[in-house]
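Visitor: Take this structure, written in structure tokens, and hold onto it; I'll ask about it next.
The values are calculated or read from the model by the stated rules, or taken from the named source; none is laboratory data. All values reported here derive from a predicted model rather than from experimental measurement. Note that each Cβ is placed from the backbone with ideal geometry, even for glycine, and that neighbours are counted across all protein chains shown.
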Amino acid sequence: MRLHVADHPLIAHKVTVLRDATTPSPIFRQLTDELVTLLAYEATRDIRTVEVDVVTPVAPARGTYLAEPRPMVVPILRAGLGMLDGMTRIMPTAEVGFLGMKRDEDSLEIETYANRLPQDLSGRQCFILDPMLATGHTLIAAINYLLERGATDVTAICLIAAPEGLAALGEAIGERANVTIVCASLDERLNEHAYIVPGLGDAGDRLYGVVDL
Ligand code: URA
């Protein structure tokens with residue numbers, strides 16, 4: 001497993017505004033969108049391409065297109081949805097699949113409550129979108145889900161990661177597949193409620209407001 005913590009002043013600035021508890025949802029959504037586009041630039045560095053011939057108004061040229069099969073972008077509902085537009089804007093030819101996963105707040109176990117993905121992901125480069133890599137349980141479940149369907153190359157784009165989650169992920173996934181984590185910040189730790197410290201709170205709530213069920 002590889003980890004890439006994006007190191008750029010624009011990214012650091014936007015993360016700082018996200019952290020601020022007084023930042024309202026509309027600004028939070030806009031900054032998340034912008035951050036994903038910046039992180040996607042790093043996350044797609046090894047995307048597969050093919051060489052092609054094109055003819056410019058001046059002369060023939062060799063160029064590069066994204067290879068088939070098309071990359072698969074997988075936002076984890078609900079908070080990952082806030083990252084989808086930023087990703088598809090930079091990679092409009094990608095396909096989008098959905099995974100609905102949530103953490104039971106008492107047991108901290110992960111439940112899959114929805115999925116919309118092709119059965120066969122062999123040969124597809126997959127990009128998971130999930131803003132907070134906290135315990136790692138959600139991401140481990142999501143990556144396992146994709147690997148069971150034949151994916152071998154998975155990149156997770158997160159805004160903030162915790163060391164505990166990265167360790168759990170490394171242990172659970174090992175060298176079974178080519179897994180990369182790209183994040184904007186590696187924070188200190190988890191607290192007793194499995195929130196990232198200092199983090200930014202509940203990303204879903206900050207994006208969409210609190211839902212009481
Ligand atoms: N999920 C969040 O939204 N925030 C955290 O800090 C941890 C998990």
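Visitor: If you go through the stretch 162-213, how many residues are more than 10 Å from the ligand (Cβ to nearest atom) and touching a strand residue (DSSP E or B) at 6+ places or on another chain (Cβ under 8 Å)? First the steps, then the outcome.
Guide: Just the residues of the stretch 162-213 that are more than 10 Å from the ligand (Cβ to nearest atom), to begin with: 163-164, 166-186, 188-189, 192, 208-213.
Subset that is touching a strand residue (DSSP E or B) at 6+ places or on another chain (Cβ under 8 Å): 163-164, 166, 169, 173, 177-186, 188-189.
Within the stretch 162-213, residues that are more than 10 Å from the ligand (Cβ to nearest atom) and touching a strand residue (DSSP E or B) at 6+ places or on another chain (Cβ under 8 Å) number 17.
Visitor: Another one. Looking only at the stretch 100-135, filter to residues that are modelled with pLDDT of 95 or more and either within 15 Å of the ligand (Cβ to nearest atom) or under 20 Å from L207 (Cβ atoms) (or both); which one of those is surrounded by the fewest Cβ atoms within 10 Å (Cβ to Cβ)?
Guide: That would be D130.
Visitor: Continuing with the same structure: Has the stretch 182-194 got at least one residue that is modelled with pLDDT under 95 and either of a type outside the set (D, E) or over 19 Å from D46 (Cβ atoms) (or both)?
Guide: Checked the stretch 182-194: at least one residue is modelled with pLDDT under 95 and either of a type outside the set (D, E) or over 19 Å from D46 (Cβ atoms) (or both).
Visitor: Scan the stretch 1-44 residue by residue and report those that are over 19 Å from G199 (Cβ atoms) and in contact with a Ser or Thr (Cβ under 9 Å, 6 or more places away or on another chain).
Guide: The answer is M1, R2, H4, A43, T44.
Visitor: I would also like to ask the following. Read through the list (1) buried (at least 24 other Cβ atoms within 10 Å of the Cβ); (2) modelled with pLDDT under 95, then give the number of the only condition that A141 fails.
Guide: (1)
Visitor: Could you tell me whether the stretch 53-73 includes any residue that is buried (at least 19 other Cβ atoms within 10 Å of the Cβ) and either touching a Ser or Thr at 6+ places or on another chain (Cβ under 7 Å) or among the basic types (K, R) (or both)? Walk me through it before giving the result.
Guide: Residues of the stretch 53-73 buried (at least 19 other Cβ atoms within 10 Å of the Cβ): 71-73.
Still in the list and also either touching a Ser or Thr at 6+ places or on another chain (Cβ under 7 Å) or among the basic types (K, R) (or both): 73.
Yes, the conditions are met somewhere in the stretch 53-73.
Visitor: Taking only the stretch 82-98 into account, find how many residues are outside any loop (DSSP other than H, G, I, E, B) and free of Cβ contacts under 8 Å to residues at least 24 places away in the same chain. First the steps, then the outcome.
Guide: Residues of the stretch 82-98 outside any loop (DSSP other than H, G, I, E, B): 82-90, 95-96, 98.
Now restrict to residues that are free of Cβ contacts under 8 Å to residues at least 24 places away in the same chain: 88.
Summing the residues that are outside any loop (DSSP other than H, G, I, E, B) and free of Cβ contacts under 8 Å to residues at least 24 places away in the same chain in the stretch 82-98 gives 1.
Visitor: Confirm whether R206 is basic (K, R) and closer than 21 Å to E105 by Cβ.
Guide: yes
Visitor: Please identify the pairs in which a residue from the stretch 151-162 that is free of Cβ contacts under 8 Å to residues at least 40 places away in the same chain and over 15 Å from R70 (Cβ atoms) has its Cβ atom under 8 Å from the Cβ atom of a residue that is among the hydroxyl-bearing types (S, T, Y) and not in a strand (DSSP E or B), counting only partners at least 6 apart or on another chain.
Guide: Pairs found: T152/S122; A162/T135.
Visitor: Next up: Given the condition closer than 19 Å to Y41 by Cα and either small (G, A, S) or in contact (Cβ under 8 Å) with a residue 40 or more places away in the chain (or both), answer yes or no: does some residue in the stretch 102-121 qualify? Step through it out loud before you land on a result.
Guide: Quick first cut of the stretch 102-121, residues closer than 19 Å to Y41 by Cα only: none.
No; the residues of the stretch 102-121 include none that is closer than 19 Å to Y41 by Cα and either small (G, A, S) or in contact (Cβ under 8 Å) with a residue 40 or more places away in the chain (or both).
Visitor: Hand me the list of strands (runs of 3 or more DSSP E) wholly inside the stretch 1-67 holding 1 or more residues that are touching a residue at least 60 places away in the same chain (Cβ under 8 Å) and either among the acidic types (D, E) or farther than 13 Å from L159 by Cβ (or both).
Guide: 2-5
Visitor: Something else about it: When you go through A134, A94, A151, A142 one by one, which is the residue that is among the small types (G, A, S) and under 20 Å from V197 (Cα atoms)?
Guide: A134
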